[in-house]
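Step one of this worksheet: look at the structure below.
The values are calculated or read from the model by the stated rules, or taken from the named source; none is laboratory data. All figures in this text were calculated on a predicted structure; none of them were measured in a lab. Note: ideal-geometry Cβ built from the backbone for every residue, glycine included; neighbour counts use all protein chains shown. Keep in mind that these areas ignore ligands, DNA and RNA; they rest on the heavy atoms of the full protein, side chains included. Shrake-Rupley method; radii C 1.70, N 1.55, O 1.52, S 1.80 Å.
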Amino acid sequence: GATTMLLGAYLAYQHTDLKRILAYSTVSLLGTLTLLLGLGTPLAIQAAVVLLFAHALYKGALFLVAGGLEHETGTRDIMRMRGLGRFMPVTAAAAGIAALSMAGLPPVLGFVGKEVYFEALWNIPATALLLAVAIVTAMLTLAVAGVAGVRPFMGEAAPSDHAPHETPPSFWLGPAILAGLGLVLGVFPGLAENSLFSPACSAILGKPLSVHLSLWQGFTPVLGLSALSLAGGVLLYATHARLRGSMSRLGLLFRWGPARWYDLSLEALDRLAQTVTGRLQSGYLRVYLLTLVA
């Protein structure tokens, strides 16, 4: 789980296709959930459930925003998206709130989930390596959230063959609702404690578990971990364009990532199909009869 969490975040940071960025960051979150459920403590299960709900809200919003951006700009390349906030203010607001939650920043549900997540790791023994992986992943995720949900709307508008404008309500209403729910549940997490979080945690744990969440838990070591991930994430976001180009030593990992293995597997399957078909579909009736008898 921890390996998938880190590699997924790294691959998301490396990509420039908006939907691939969001897809690989989803892979990273799935690794996080696997890690937490593997730990299996009540606090880890609580963190997994809250992060799952937070992810459903912010990632659903960002994927829909990505569709709207592609509709208006004709591209999914984030390097070619700039200054869209002035043309798409509602979409920009929804994307910004969703990006806050993905980055684990207050006052949205993603921050509440990340605090419980860090607390779950902090309260188990021998977690120095896991904590380090979690913090680096959080830094990468924050940078990716900024790249996917904030950068396209900031700065001067990039030259484009399309004249961007705000999408119709059928495009921005979904992201606005999802991002808004993430904001409401972040400020008032108690609204979902009894209806969503406690029943889900109890079902996973196999016994009753009462969940109590709050946006502010005071000055704790967990808050320090969040601050550390924030500082590193801002740095990775600020140096994203330059750092992507200089990661040549890790380029082999990028080139041989999941997409490459999928293509190779598909090619191997085609070759196998051709070989089997060539042997069995010979055109001779006796071969068919022998095959059926065998």
- Among (1) under 23 Å from the mean Cα position of the chain (by Cα); (2) without any contact (Cβ under 8 Å) to a residue 24 or more places away in the chain, where does residue 225 come up short? (2)
- Message: Let me spell it out: the conditions are (1) under 29 Å from residue 193 (Cα atoms); (2) in contact with a His (Cβ under 7 Å, 6 or more places away or on another chain); (3) open to solvent by less than 10 Å² (accessible area, probe 1.4 Å), and residue 29 meets all of them except one. Which number is the exception?
- Response: (3)
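Is it the case that residue 100 is on the phi < 0 side of the Ramachandran plot, open to solvent by less than 30 Å² (accessible area, probe 1.4 Å) and in a helix (DSSP H, G or I)?
On the way: on the phi < 0 side of the Ramachandran plot: yes; open to solvent by less than 30 Å² (accessible area, probe 1.4 Å): no; in a helix (DSSP H, G or I): yes.
Taking the combined requirement at face value, the residue does not satisfy it.
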